[in-house]
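The values are calculated or read from the model by the stated rules, or taken from the named source; none is laboratory data. Remember, predicted model here, so these are calculated numbers, not experimental data. All Cβ positions, glycine included, derive from the backbone under ideal geometry; neighbour counts span all protein chains shown. Quick note on the areas: whole protein, heavy atoms, side chains included, nothing else; ligands and nucleic acids left out. Shrake-Rupley method; radii C 1.70, N 1.55, O 1.52, S 1.80 Å.
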Amino acid sequence: MDTKLSLAMGSKKPYIAAFFIQITFAGMSLMSKAAFATGMSTYVFLFYRQAAGTLVLVPLTMILKGKEKRPLSLKNLCQIFVISLIGITLALDAYGVAINYTSATLGAAAFNCVPVTTFFFAILLRMEKVEVKKAAGMAKVVGIMVCMVGAATLAFYKGPYFKPLFTHTPFHHAQTQPHHSSTSQKTWMIGCFFLLLTSISWGIWFVLQARFLKGFPFPMEFMCMQTVMSTVQSFVVAIVMERDPLEWKLGWNVRLFAVLYCGILIIGVANNVQCWVIREKGPVFQAMTTPLNLIATIIGSQLLLSEGIYLGSIIGAFLLVMSLYSVLWGKSKELVTTPTNQPSTPQKESEESTCRTEVKSTLV
């Protein structure tokens, strides 16, 4: 009986872990939004977040690495610098500005774009192929088109505003934007542009990481180096963009809690748990749980931020989820049919799948 119980619990662990990951990522959007609502600079926030992550990852990586030497050339260091600049510093600064100008819900919706944009850039760089005459290829193309429609809906259509169910919540702040004004519409569109920039940056980031990890197959050390370099980069950006010393102060408030949450739970814990889930169940399984992030963020926005939602956001988010599943279905269909139809390519497909699996562990 005990053996059966342990086997049942063991089979459920990836599901529990995947649920934990998406809830944690939802918390990132909510906590970031709460910190920005108090007036915290998005650039200072990113620096503190990455610094906290560095303090967690560096000793952890040193312990797990042990005495084994894995030297990096100057070329490798330059490549990591550029990759971290695109995928962490630029993407997360844009993400911070985006959710500050829009909502935590919209920020969570952007996560559903990432597999689609990644696939799009993989096609451009000939790392992926699309056979439009087959159902799998058509599903991928339709997924990209639906993603574009969903993004356009989020940016240009707001529709009726649904008020939050709760008006007095833990992180509610008086600094809110008017919901029906030309200024609000302009700010909303700017935020959507930055979300698009974030999704594009992450898409390019995944593709570049996949290429780099083929020659340096040590994802945790790679992630650690990216975190350290992004800390330096985000510090430079923050110094340039925020000159007021008062903006750099952290007290015992939501700002400090948000920094520690993102630095420790996201960078130190959730990313590594995600790596384990992908290893156990595969990248498609992990990607299919992404909409849980959006659902949790919508609920959390109501309970914690007293943040309402527009009809356009609901429709746009639904379209993004549909685009995600369309691309994932097409990809999974190809993985099933490839070994049968093309006996000579399973090894190559397996290597690319493994590489993408390792890369996905460093999403945020």
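So here's what we get for this one:
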item	result
Pick from region 248-301, criterion within 21 Å of residue 51 (Cα to Cα) and among the β-branched types (Val, Ile, Thr), ranking: most open to solvent (accessible area, probe 1.4 Å)	264
Filter pass, residue 350 being small (Gly, Ala, Ser), open to solvent by 40 Å² or more (accessible area, probe 1.4 Å), at pLDDT below 80 and more than 21 Å from the chain's Cα centre (by Cα)	yes
Test for residue 137: is it under 30 Å from residue 332 (Cα atoms), open to solvent by less than 10 Å² (accessible area, probe 1.4 Å), more than 20 Å from the chain's Cα centre (by Cα) and at pLDDT 80 or above	yes
Members of region 22-58 that are open to solvent by 10 Å² or more (accessible area, probe 1.4 Å), assigned to a helix (DSSP H, G or I) and touching a His at 6+ places or on another chain (Cβ under 8 Å)	37
Search result, residues across region 237-247 that are at pLDDT 90 or above and either within 22 Å of residue 20 (Cα to Cα) or loosely packed, with under 13 Cβ neighbours inside 10 Å (or both)	240
Answer from 185, 233, 226, 209 - the residue that is at pLDDT below 80 and either open to solvent by 40 Å² or more (accessible area, probe 1.4 Å) or under 20 Å from the mean Cα position of the chain (by Cα) (or both)	185
For residue 172: the one exception among (1) modelled with pLDDT of 80 or more; (2) out of contact with any Asp or Glu (no Cβ under 8 Å at 6 or more places or on another chain); (3) not basic (Lys, Arg)	(1)
Any pair with Cβ under 6 angstrom, 6 or more apart, that starts in region 149-163 at a residue that is of a type in the set (Lys, Arg) and ends at one that is outside any loop (DSSP other than H, G, I, E, B)	158/310; 158/312
Single residue of 48, 101, 95 found to be under 14 Å from residue 266 (Cα atoms) and touching a residue at least 24 places away in the same chain (Cβ under 8 Å)	48
Answer residue from region 303-326, given it is farther than 21 Å from residue 192 by Cα and of a type outside the set (Ser, Thr, Tyr) and is surrounded by the most Cβ atoms within 10 Å (Cβ to Cβ) among those	304
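Listed here are the residues, each with its yes/no results for (1) touching a strand residue (DSSP E or B) at 6+ places or on another chain (Cβ under 7 Å); (2) open to solvent by 50 Å² or more (accessible area, probe 1.4 Å); (3) farther than 28 Å from residue 308 by Cβ; (4) assigned to a helix (DSSP H, G or I).
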position	(1), (2), (3), (4)
77	no, yes, yes, yes
93	no, no, no, yes
96	no, no, no, yes
99	no, no, no, yes
107	no, no, no, yes
112	no, no, no, yes
118	no, no, yes, yes
126	no, yes, yes, no
144	no, no, yes, yes
